[in-house]
Amino acid sequence: MSVDTATVAKIAALARIKVTEHELAAMVPELNGILAWVEQLGEVDVTGVEPMTAVIPNHLRLRADVVTDGGIREAVLANAPAAEHGFFGVPKVIE
């Protein structure tokens with residue numbers, strides 16, 4: 001697959017990127033090179049290779065799924081400029 005100046009201009013318009021004619025001409029070979037590289041990846045024999053998300057095995061460290069109130073309300077509200085009745089006090093925005 002290859003792209004031309006009109007295709008690059010359409011992609012830029014869809015992405016809402018302002019691109020000059022000079023920049024469009026410079027992007028055409030760059031995008032064609034990227035697409036050629038992607039097509040080259042399709043030629044690689046991956047028979048017997050397991051799909052993976054990373055090159056090293058990652059294991060999530062999970063915590064117990066228990067509901068708590070956090071227990072630090074006072075410490076959090078100590079940072080608030082105004083605390084009212086255990087909540088953040090904010091100025092009225094509706095008239």
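The values are calculated or read from the model by the stated rules, or taken from the named source; none is laboratory data. Quick caveat, the model's predicted, so the values are computed rather than measured. Here the Cβ is made from the backbone with ideal geometry for all residues, glycine too, and neighbour counts use every protein chain on show.
Please specify each residue of segment 61-81 satisfying the condition of being assigned to a loop (DSSP other than H, G, I, E, B) and of a type in the set (D, E, K, R). I'd like the intermediate steps shown before the answer.
First, the residues of segment 61-81 that are assigned to a loop (DSSP other than H, G, I, E, B): 61-72, 78-81.
If the condition is that a residue be assigned to a loop (DSSP other than H, G, I, E, B) and of a type in the set (D, E, K, R), then Arg61, Arg63, Asp65, Asp69 are the ones that fit.
Do we find a residue being modelled with pLDDT under 95, of a type outside the set (A, V, I, L, M) and in a helix (DSSP H, G or I) anywhere in segment 50-60? No: zero hits.
Looking at segment 25-79 only, could you name the residues that are closer than 30 Å to Asp4 by Cβ and either touching a helix residue (DSSP H, G or I) at 6+ places or on another chain (Cβ under 6 Å) or of a type in the set (Ser, Thr, Tyr) (or both)?
Just the residues of segment 25-79 that are closer than 30 Å to Asp4 by Cβ, to begin with: 25-44.
Correct list: Met27, Val28.
Scanning segment 27-70 for residues that are over 22 Å from the mean Cα position of the chain (by Cα), of a type in the set (A, V, I, L, M) and surrounded by 10 or more Cβ atoms within 10 Å (Cβ to Cβ), which turns out farthest from Ile17 (Cα to Cα)? Ranking the candidates gives Ala36 first.
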